[in-house]
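Before any comments, here is the structure.
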Amino acid sequence: QSKFQCEPGETFIMNVMVSAHPYWVPVYQGFKQAAAAMGCQTVFSGTPDYDITKQIASFEQDLVKSPSGVLLHPMQSDPFIEPIDRAIDSGVSVVTFAADSPNSKRTAYITSDNLAEAKFAAEEIVKQVGDSAEYAVLENPGQSNHDLRVTALIAYFEKNYPNMKLVGRQATNQDSNAAYRATASILQANPNLAAMWIPEAGSAEGAVAAVLEAKAKVLIMHADVTPTTLEHIKAGNIHMSLNPNQGVQGFMGFIATFLATRPDLFDPFNDYKVSGYNPMQIPFIDNGFAVITKENADSFDLNAYMQGRDPS
Amino acid sequence: MSTVDRDDPILKITKLTKSFGPIKALRGVDFELRRGEIHALAGENGAGKSTLMNIVDGILKPDSGEIRLDGVPINITSPAMAQKLGIGFVHQEIALCPDITVAENIFMGVTNTSRSPLMDYRALERRAGEILHRLGDINPAALVGTLPISQQQLVEIAKALTLDCRVLILDEPTAALTERESRVLFDIMRKLAAQGISIIYISHRMVEIFENCHRVTVLRDGQYITTMNVAETTPGDVVRAMVGRVIDSLYPPKLTAEEQSDEIILDVRGLTERSRFSDVSFSLRRGEILGLAGLIGAGRSEIVKGLCRLEGEVSGEVTLHGRRLRLRHYADSIAAGIVYLSEDRKGDGLFLDMSIASNVSALKLEQVARGGGIIDERAEADQAETLGARLNLKYGHVGQQVSSLSGGNQQKVAIAKMLSVNPKVIFLDEPTRGVDVGAKAEIHRILRDLARTGVGIVVISSELPELIGVCDRVLVVREGRLAGEVTGEAMTEDRIMYLASVGNERRLAS
Amino acid sequence: MDRTGSGAAGTIRRLLRMRETGLILIILVLFIAMSFASPYFLTWNNMRAMAMAFAVEGIVVVGMTILLISGGIDLSVGSVTALAMVIAGLLFLNGVDPWIASAMAIAACTAIGAGMGFFVTRVGLHHFIVSLAVMVIARGLCLLGTGGRPIGLYTLPPEFKFIGQGSIGVIPVVIVIFVVVVLVFDFLLRRTTMFRKVFYTGSNEKAAAYSGIRTKKVVFLTTTLCSGLCGVAGIIYMARFGSAQPTFGIGMELNVIAAAVIGGASLSGGTGTILGAILGTILLSVVSSSLALLDVSVYWQDIIRGSILLSAVTIDHYINKRRG
Amino acid sequence: MDRTGSGAAGTIRRLLRMRETGLILIILVLFIAMSFASPYFLTWNNMRAMAMAFAVEGIVVVGMTILLISGGIDLSVGSVTALAMVIAGLLFLNGVDPWIASAMAIAACTAIGAGMGFFVTRVGLHHFIVSLAVMVIARGLCLLGTGGRPIGLYTLPPEFKFIGQGSIGVIPVVIVIFVVVVLVFDFLLRRTTMFRKVFYTGSNEKAAAYSGIRTKKVVFLTTTLCSGLCGVAGIIYMARFGSAQPTFGIGMELNVIAAAVIGGASLSGGTGTILGAILGTILLSVVSSSLALLDVSVYWQDIIRGSILLSAVTIDHYINKRRG
Ligand SMILES: Nc1ncnc2c1ncn2[C@@H]1O[C@H](COP(=O)(O)OP(=O)(O)OP(=O)(O)O)[C@@H](O)[C@H]1O
Ligand SMILES: Nc1ncnc2c1ncn2[C@@H]1O[C@H](COP(=O)(O)OP(=O)(O)OP(=O)(O)O)[C@@H](O)[C@H]1O
Ligand SMILES: [Mg+2]
Ligand SMILES: [Mg+2]
């Protein structure tokens, strides 16, 4: 039997916050597929709430069940240092995904590279509207990956295309009605607005509605995807969307977690073994992102993808 | 009084019982109301009068017993149903909507059953004005919440009069009214009775019963005692039936000439509040009970509340035992020993959802606390029990919510609260509102005893006989000013009414 | 100055006596300030966009105001609105005619309101806790129905989308619906005997019951009505956005209650007007839109928004105190 | 059976008369059911994790309960808690001693509470609207101070982190603090003259004023106290997480108010106990934790959670009604 196989009954847990969010669905599918290939059991866990205390409680409860490893999306980095370290000390391997806790003892971190996304978006915008145009962003202060997507794009423009002018920057917190309101106002104040960059899909839905209503010609790019924005992409109302490769995130995330449970498989060319570290350390794995356009949009219908699959 | 049809009771109640947990409020009560009669219901506080009427109105469900209306057994389940059956009810505790105008309040029941889908505010206000005109001067467009309690009581009465009812229940409607308003009410009652409407009238005032009612039924401790024809009985008999013993003298003896002292306890000079009252000056001598008389809205309550710094921005001097007081808040007054018993026990007198004990202790918690402000629950209970016994309070245990007491007993809790602090001066605004004869005499005796020990007592009452019976001296208030003073022989109802209403002919004539 | 004037002077005097005058003045000042601050503010397009931003929520505000007047409160408005979208969306995807699907969704929301009304009036629980539980349950149903994923409804027929996206002349249909709802309920609430009972019940439930009003029925109906109007709002949102979002309206309840309270509704029942509540909605919405129009830094927006809210209610309070 | 027993029987009878008995029974039933449903439930680690999940919020619940009893309400608890973390965190990063920084942060929160108290008692606005504005403003301050990013504070000295992460014996310090706060305020509220005035004020503000109680002062102080306790909670969270999070506590207010209300506090003031409120917190928290432990599908969790909440208050209501 291969060493890349689980013991009977060996279980891995994926723990997230706001657990009903559809983002996790394909991630967990990837996680499950890798687990199935390696004969492992999986559990989807976490808290439905946007509440750090509850997520920590659920993580600690996961530990009570003594799983082999946990693939964790920590809502905030520092509060998880102590729980993660305690888990590792008790022999449970922990890998983070989509959000990190860099100062903890987690062995690996897998995510899509928000800086790469922002850079791609910036270059695409310049390609479409030229390098001296007005643009606006919507944001969600406090959510780190969204923050990064926005700030990185602004910084990239400032550095490389100084003639790009930021004329609107509004917090809409994934609320489509708030995004509608903000976009409508930005459009009023800036008739020459050429492009918008939106770090998530919920706000994009509201922004599109406002742009369509105002009959403005604004290039909209956003990250993530929902069925509605997908349809807008197909209809040409949204130029394109950058979607993290969620499946890869889950699949590779599982493998990284699995590997972390079997440090003996590996004799690294470094000091880790002698200095007591887990040699299966991977500081950063990029799961990549997909560019969704009119042409390939059909492959990103989550409802179609989930047809006949078990979400749990 | 001969129009009463003797053999055809419109309402017949047999063997009605009702308990609240361990308290048996009614134990097999019988009652019979004839067509066109005014039937008084008498009994001590807590005898079960309101409970009985609440059952007739469908507010409470009886445990057992039968109610027949027009000879037909009937199960009244809600006030709405009672109203449909033609039963109107003026409640002991005023129940009006404070955010709504007087006119709408009066016609609430009518609006409810109205077939017209639209409101006609103008017509409402006009019709409300017509009814109110007879009762007193109230603006139909005013919000009820802004009216003093006495005027609210008038609104409550006006409300019942607009109902097209066959049985009208009045539960102590005159408790906060002066005689003038009461008389208007009695006139209306008699007219209604002449039209064949049957009226149940609850009151602790024997005079009212004997001047206006045909028969009287007495309850005691939730039991039916007797029904008598008013013409064939005397107030003494009724009282004996109520309390089971004779109450000989209703009012305690007044100060004798030699007891009178020149020592001034409280001296008030030039008390003024912008629009409500001005230049009120009087002094209170040791041992005497001072009365304040006046028409409704004359400003008696306001003067006294202002003096205690409960309301308004008041100027003027207050001297207690020769020491000038600097009062800024009511708390200062309490600290100085001056307390005020509110006329509106439900609105600002009591914490209805709290226990008897914590109500009684509220004025000065330190009294039942050990060092450092820790409440001694035993001491708090003792305090309530002692004062409760002194006032003849009828209750289960001192942890009971005040809202579960009968109206008169709630009033006693309010009085107990005032007495708890051993005050130097007490202002009592309608102190015996809703209190039965026995307890009333007891309260009067307590007031007199307190006065003799040097406590200053000032009584505001709308019941002139009470003022005359209890007080050594009465000040008459008219439109926010002192209109005169009566003492000794001159203390008659006519004299007081004259002083209260001179220059106010228009209102008196209406 | 004391004589009762007729005509224009009388109208002005009556206006000044209205509770809403303070709010109207505050909004006017805001409008004037904004039209100096931004040349785009007083444009037709901006006005239209601002109105679109509060019109649908305004329908929920109407329901909430009536419920508040009757002495109730409803925390579930956000999730019930979302649930309406989800139910109608799922039915439509399963082949049901969108109009029928919408009617069924509104009926379902109304039934939820009736359920809350049951727990409040029959069981005797408090509106707060019942609607909190329903808020959680309805959100759960949204998630269960959709797996947490928004439902794309691009295939909705154009005549259905028209109610959310179309215009009659230059006026968007959404705004027409909003105005009609507001006018109808304002009239009902001020003028009909049926809705006056809502005030009586909220002002003093006991007094109302003693006058023969079936107060439980009144509360039951206002609770049901509020949820029903959430259903209507959900359908309009669905037509407008062309999608059903299971996470829609999180936190909406506070906004909606705030609008009603700013407009003079009391949390203890008995007072409130539709006009006032709508002015409250407009105030909140115009402040948000203005901050966006002026491109105020996101880190300052909340601070400014909260401060304006606090100042506005303070000023309004003093205007009313002076007047009354 | 009617004789008044002494000893054990008397204690039981007294227990049965308490308002909290219903809740205790419900929680017991839940515990028993859960220990059959999951072998992990009754483990020390699980109990510890569950207690840690509600301990700090429990301190806020204490403040809210007292405020509710006095007739107030506070929607700003979540953002004020976050603000305490942010203020203390920023001060610490700028070289202030962590204890002094914490004291200053708590003082700042207390001052915010005093500000709300001012608007409520002096200006005369409603708690709801004032605290809503403050909720928005405080959140804005958090964002402004941090740029929306959490502040990492692992350099906090270990003796400071001890209050959030340490244990005394096997008992986490957080839980010790929580228990002490609960016991102290339970005693104060039940037994002291000072806090009795809170009940009087909430029960009937006018009657309290007519009893010589400075009701405005009372309301001012309860409002201030609640915010101050949020400050304390924020500091403990900071020590526990080793970071200050500007987005912490969003939506916390509903949870906290729900806990107090489940525990018998009335939204119209005058009633409530600390014990009851804490039981309410425990109930809500144990339900959430149990659903997580049982791996219930997320799409079902909200539905079950809401239903349990509704059933629990219904059962509690009937138990209390029966008892009289
Ligand atoms: N809701 C209640 N809960 C418990 N006991 C009650 C309740 N209502 C009334 N009682 C009790 O029932 C008895 C009868 O009360 P009721 O109000 O009928 O007296 P009453 O004759 O109207 O007295 P009063 O003259 O003081 O108004 C009293 O002992 C009272 O304490
Ligand atoms: N809150 C209020 N707002 C406006 N006017 C008031 C208010 N309270 C009392 N008044 C008015 O002040 C005047 C004095 O009322 P007050 O209650 O002192 O009279 P009173 O002599 O005690 O008579 P009673 O108590 O029998 O009505 C009345 O004209 C009354 O209408
Ligand atoms: Mg009575
Ligand atoms: Mg008076």
Quote the charge dipole size of segment B:264-501 about the Cα centre in Debye, to the nearest 20; the model charges only the Cβ of Lys and Arg (+1) and of Asp and Glu (-1).
-> 500
Rounded to 5, the percent of DSSP beta bridges in the protein assembly as shown classed as antiparallel | 45
Normalised contact order of chain B, rounded percent, pairs of Cα under 8 Å and 6 or more residues apart | 16
Along Cα→Cβ at 7 Å, what distances in nm separate the D:LEU93 label point from those on the other copies, shortest first?
-> 4.3
Cα centroid separation - segment C:246-324 against segment A:31-45, whole Å = 50
Expressed in square angstrom to the nearest 10, the accessible area of B:ASP8 with a 1.4 Å probe stands at 60
In square angstrom to the nearest 100, the accessible surface buried at the C/A interface, both sides summed with a 1.4 Å probe, amounts to 2900
Assuming a ≥ b ≥ c are the square roots of the Cα gyration tensor eigenvalues, decide whether chain C counts as rounded (a/c under 1.5), prolate (otherwise, with a/b larger than b/c) or oblate.
-> oblate
How many percent of the accessible area of segment B:348-487 is carbon or sulfur, using a 1.4 Å probe?
-> 47
Order B:SER116, B:SER461, most accessible first, counting only protein heavy atoms with a 1.4 angstrom probe.
-> B:SER116, B:SER461
Provide the FRET efficiency to the nearest 0.05 for the B:LYS84-B:ARG183 pair, computing r from the beta carbons and using R0 = 25 Å.
-> 0.20
Averaged across the residues of D:34-46, what count of C-beta atoms belonging to other chains lies within 10 Å of each residue's C-beta?
-> 2
Shortest first and in nm with one decimal, please list how far the D:ALA114 label point sits from its counterparts in the other copies (point 7 Å along Cα→Cβ).
-> 5.5
Can you work out the FRET efficiency for the pair A:LYS273 and A:ASP298, with r the C-beta to C-beta distance and R0 = 56 Å, to the nearest 0.05?
-> 0.70
Are there residues in segment C:209-250 whose accessible area shrinks by at least 10 Å² when all protein chains are included rather than the chain by itself, and which are they (probe 1.4 Å, ligands and nucleic acids not counted)?
-> C:ALA209, C:TYR210, C:SER211, C:GLY212, C:ILE213, C:ARG214, C:TYR237, C:ARG240, C:PHE241, C:SER243, C:GLN245, C:PHE248
How big a patch of accessible area, both sides summed and in Å² to the nearest 100, lies buried between C and D at a 1.4 Å probe?
-> 3700
Looking at segment B:115-251, what % of its DSSP beta bridges pair antiparallel, to the nearest 5?
-> 55
Would you kindly work out, in nm and rounded to one decimal, the distances from the label point of D:SER311 to those of the same position in each other copy, ordered shortest first, with label points 7 Å along Cα-to-Cβ?
-> 5.2
What is the average number of partner chain Cβ atoms found within 10 Å of a Cβ in D:120-133?
-> 5
Whenever you get a sec, compute what percent of the accessible area on segment C:108-191 sits on carbon and sulfur atoms (1.4 Å probe).
-> 75
Put B:ILE10, D:ILE250 in order of accessible area, largest first, 1.4 Å probe: what do you get?
-> D:ILE250, B:ILE10
Taking the mean number of other Cβ atoms within 10 Å as a proxy for protection, how do you rank D:95-102, A:141-148 from highest to lowest?
-> A:141-148, D:95-102
Residue mean of other protein chain beta carbons inside 10 Å, A:140-153 | 3
Between chains B and C, total accessible area buried, probe 1.4 Å, no ligands or nucleic acids, nearest 100 Å², roughly 2000
Working from Cα positions, state the angle (0 to 90°, nearest 10) between the long axis of helix A:24-37 and the longest principal axis of chain A.
-> 30
Given the candidates C:GLY164, C:VAL123, C:GLN245, the one whose Cα lies deepest towards the positive end of the charge dipole of segment C:43-322, counting +1 at each Lys or Arg C-beta and -1 at each Asp or Glu C-beta, is C:VAL123
How big is the accessible area of D:TRP300 in square angstrom, nearest 10, if you roll a 1.4 angstrom probe over the protein chains?
-> 120
The extension gain from B:ASP63 to B:ASN139, computed as 0.36 nm times the residue separation minus the Cα-Cα distance, is 23.1 nm
Solvent exposure of segment D:43-322 as accessible area per residue, Å², 1.4 Å probe | 31
Alpha-carbon Rg with Dmax, taken over the protein assembly as shown, Å | 35.9, 121
Compute, for B:THR272, the solvent-accessible surface of its heavy atoms (probe 1.4 Å) with the complete set of protein chains present, and express it in square angstrom to the nearest 10.
-> 40
What residue among C:GLY264, C:GLY148, C:GLY22 shows peak mean-square fluctuation when chain C is described by a Gaussian network model with Cα springs under 10 Å?
-> C:GLY148
How much accessible area per residue does segment B:130-217 have, in Å², with a 1.4 Å probe?
-> 33
Give the calculated FRET efficiency between B:ARG481 and B:ALA379 to the nearest 0.05, with a Förster radius of 45 Å applied to their Cβ-Cβ distance.
-> 0.50
Expected output for segment D:153-194, residues with a loss of 20 Å² or more in accessible area relative to the chain alone at probe 1.4 Å, reads D:TYR154, D:GLN165, D:PHE187, D:ARG191, D:THR192, D:THR193
Computed over chain D: relative contact order in percent, which uses C-alpha pairs under 8 Å that are six or more apart | 33
Under 19 Å by backbone N from the virtual spin label 7 Å along Cα-to-Cβ at A:CYS6, the residues of segment D:31-54 are D:39-40
Most to least accessible of A:LYS3, A:LYS159, B:LYS440 (protein chains only, probe 1.4 Å) | A:LYS159, A:LYS3, B:LYS440
In segment B:100-119, the residues losing 20 Å² or more of accessible area (1.4 Å probe, heavy atoms of protein chains only) relative to their chain alone are B:ILE100, B:GLU104, B:MET108, B:THR111, B:ASN112, B:PRO117, B:LEU118, B:MET119
For the peptides A:256-262, A:292-298, what is the packing order when you average, over each peptide's residues, the other Cβ atoms within 10 Å and list the highest mean first?
-> A:256-262, A:292-298
Rounded to the nearest Å, what's the spacing between the alpha carbon centres of segment D:183-242 and segment B:317-359? Just the number, please.
-> 24
Highest-MSF residue in chain D out of D:VAL296, D:VAL180, D:VAL198 [GNM, Cα springs under 10 Å] = D:VAL296
With the 1.4 Å probe rolled over protein heavy atoms, segment B:264-501 has an accessible area per residue in Å² of 35
On a C-alpha basis, how far is the centre of segment B:198-237 from the centre of segment B:248-310 in Å? Whole number, if you could?
-> 34
Using a 1.4 Å probe over the heavy atoms of the protein chains, calculate the carbon and sulfur portion of the accessible area of segment D:256-308 as a whole percent.
-> 70
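The values are calculated or read from the model by the stated rules, or taken from the named source; none is laboratory data. Just so it is clear, the structure is predicted and the values come from calculations on it, not from any experiment. As a convention, Cβ positions derive from the backbone with ideal geometry for all residues, glycine included, and neighbour counts pool all protein chains shown. Keep in mind that these areas ignore ligands, DNA and RNA; they rest on the heavy atoms of the full protein, side chains included. Shrake-Rupley method; radii C 1.70, N 1.55, O 1.52, S 1.80 Å.
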